[in-house]
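Structure first, commentary second.
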Amino acid sequence: SSKECAPDSESPSGAGEADYCRRILVRDAKGTIREIVLPKGLDLDRPKRTRTSFTAEQLYRLELEFQRCQYVVGRERTELARQLNLSETQVR
């Protein structure tokens with residue numbers, strides 16, 4: 001079940017709002033200011049991880065393995081990652 005970020009029914013000012021909510025104001029392309037409600041745990045300042053750029057050979061091998069077996073795990077995953085010079089996470 002998803003939790004909604006709504007003001008506490010006993011507090012019209014929203015002071016009893018759940019601990020897991022964070023409200024921010026943003027201006028859209030038309031200049032209208034909108035309020036967005038986000039979970040407090042969402043770290044908006046954290047840099048995004050960079051997307052892996054696979055070589056043509058890596059893509060070819062990964063696609064072959066996927067056709068053979070959609071879930072590469074254990075030693076096969078470790079070995080394929082080693083052969084392709086990738087991390088096991090990238091072979092996921």
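The values are calculated or read from the model by the stated rules, or taken from the named source; none is laboratory data. These numbers were taken from a predicted model, which means no experiment stands behind them. Backbone-built Cβ (ideal geometry, glycine too); neighbour counts: all protein chains shown. Ligands, DNA and RNA are excluded from the accessible area calculation, which covers all protein heavy atoms including side chains. Shrake-Rupley method; radii C 1.70, N 1.55, O 1.52, S 1.80 Å.
Some observations on this one:
- Rounded to the nearest 10 Å², the accessible area of Thr78 at probe 1.4 Å: 70
- Once the Cβ-Cβ distance of Arg77 and Leu44 is raised to the sixth power relative to R0 = 30 Å, the FRET efficiency obtained is 0.40.
- Residues whose amide H falls under 5 Å from that of Cys21, counting only those 5 or more places apart or on a different chain, are Lys40, with hydrogens built in the peptide plane.
- Largest-first ordering by accessible area, 1.4 Å probe, given options Phe66, Phe54: Phe66, Phe54
- From most to least packed by mean Cβ count within 10 Å, the peptides 40-49, 79-88 give 79-88, 40-49.
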